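Asker: Below is one structure. I have some questions about it.
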Amino acid sequence: MNKNSKIYIAGHCGLVGSALMRNLQGKGFNRLITRTHVELDLTNQAATETFFAHEKPDYVFLAAAKVGGILANNTYPAEFIRDNLAIQTNIIHAAYRNGVERLMFFGSSCVYPKFAPQPMHENCLLTGSLEPTNRPYALAKIAGIEMCWSYNRQYGTRYLAVMPTNLYGPGDNYDLNNSHVIPALIRKFHEASVRGEQQVVVWGTGSIKREFLYSEDMADACVYLMNLPDSSYCGLLGSDETMSGKFEPPLMNIGVGEDVTIGELAKLVKEMMGFDGEIVFDTSKQDGTPRKLLDVSRLNAIGWHAPTSLQAGLAKVYADFLHDPVSTETR
């Protein structure tokens, strides 16, 4: 990419997309293309194709998606598979039809099998059964990876799928019905402190392990990958398995390479926020996949490492939470 490249960030208002916007703007890219959901419904094929034909972006970050935690995935499985399949199908095909130079598709670590070897390497894809609580979402994302791979094979496109681990950062979703674990914990501990309560209830046993990546670091890794020279970038785009005999999808894990238990995470949030009460685990709630640690050796080998520690990242997002009137509206 160069500073005058036309770059479309699909989903620029979300956690991933907004981080990408800040990173690209900070690096001096000045032709960023965005549309809100009201302005462009990406599940609408005709509208998406019209948009691409008019704007003709050079590069696309496909970060638009329907996302949520265990409760949201369990409550709306039809929407999670339907909307995500529609969004990614419309964008990937429109990108091909309009000559996009590179496209980055955002998957999720939940695409890997529930009991995959840890840490999970990219070649773990399609080697086992998925976690049932988010299988519709995971299957949609797997279809997106396969679509990038198939278009690369058949049309010579240069589409790369990235697999970020669990993300947290500025502008996160703090709705307890739809949020992920870090924003949910921050809101729970904050509200308990404000109300003078003596305990915070955390879903599950607290024993499962998760890896967490600060969203600003994720964006930096993605822009780093998109900016690689062809000699490095094209080597990440997979191979035609029917010709090579090798299972090499166009995948790149993005993470920090270490994880913590949910119990350890809750303790970190409690200490950071100065909460004096106790943590109670509601074991009637589902834990989900036992562990989801990404193997980031390929990413590290091409020169990128996550710079923000979990403790430093938590402090940053709590400060962001306190300054966001929407996230703290219940105070």
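Asker: Between helix 181-195 and the chain, what is the angle of the helix's C-alpha long axis to the longest principal axis, kept within 0 to 90° and rounded to the nearest 10?
Answerer: For helix 181-195, the angle is close to 30 degrees.
Asker: Beyond 13 Å, what percent of the Cα pairs of region 72-118 remain?
Answerer: Tail fraction, whole percent: 69.
Asker: Follow-up. May I ask you to compute the full-extension gain from Asp282 to Thr75, defined as 0.36 nm times their residue separation minus their alpha-carbon distance, rounded to one decimal in nm?
Answerer: Fully extending the segment from Asp282 to Thr75 adds 72.6 nm.
Asker: Once both labels are modelled 7 Å past Cα along the beta-carbon direction, what's the Leu40-Met243 spacing in nm?
Answerer: Each label point is offset 7 Å from its Cα along the Cβ direction, giving 3.2 nm.
Asker: Sticking with this structure for a sec: Straight-line reach only, C-alpha to C-alpha below 16 angstrom: list the lysines that Lys267 could link to, leaving out same-chain residues fewer than 8 apart.
Answerer: Candidates past the 8-residue exclusion: Lys188, Lys209.
Asker: Let me know the Rg and Dmax you get for region 181-297 when you use only its Cα atoms, in Å.
Answerer: 19.8, 65
Asker: Could you work out how much longer the chain between Glu146 and Thr261 gets when fully extended? Use 0.36 nm per residue separation minus the Cα distance between them, nm to one decimal.
Answerer: 38.2 nm
Asker: Specify the inter-centroid distance of region 55-74 and region 151-220, based on alpha-carbon positions, in whole Å.
Answerer: Here the answer is 14 Å between Cα centres.
Asker: Give me D for the chain in µm² s⁻¹, whole number, from Stokes-Einstein with Rh from the Kirkwood sum over alpha-carbon pairs, 25 °C and 0.890 mPa s.
Answerer: Estimated via Stokes-Einstein, D reaches 120 µm²/s.
Asker: Run through region 1-94 and list the GluC sites (Glu not before Pro) located in a DSSP loop whose Cβ has at most 16 other Cβ atoms within 10 Å.
Answerer: Glu39
Asker: Further question on the same structure: For Lys141, give me every one of the aspartates and glutamates with a C-alpha distance below 18 angstrom, ignoring sequence neighbours fewer than eight places off in its own chain.
Answerer: Within reach: Glu79, Asp83, Glu122, Glu131, Glu248.
Asker: Would you mind checking the tilt of helix 310-322 against the longest principal axis of the Cα atoms of the chain, expressed as 0 to 90 degrees and rounded to 10?
Answerer: So the inclination is approximately 80 degrees.
Asker: Right, another one. Can you work out ³J(HN,Hα) from phi for every residue in region 102-116, in order, using Karplus 6.51 cos²θ - 1.76 cosθ + 1.60 and θ = phi - 60°, giving whole Hz and x for Gly and Pro?
Answerer: 9, 10, 10, 9, 9, x, 7, 5, 6, 6, 7, x, 4, 10, 5
Asker: Taking the beta-carbon count within 10 Å as an exposure proxy, list Ile262, Ile302 from fewest neighbours to most.
Answerer: Ile302, Ile262
Asker: Take the Cα radius of gyration of region 107-164 and divide it by 2.2 N^0.38 Å, with N its residue count; two decimals is plenty.
Answerer: Rounded to two decimals, the normalised Rg is 1.15.
Asker: Compute the separation of the alpha-carbon centres of region 244-271 and region 6-21 and state it in Å as a whole number.
Answerer: 22
Computed from the coordinates by the stated procedures, all read-outs in this text should not be read as laboratory data. Note that the coordinates shown come from a computational prediction; the quantities given were computed from them, not determined experimentally. Virtual Cβ from ideal backbone geometry, glycine too; neighbours counted across all protein chains shown.
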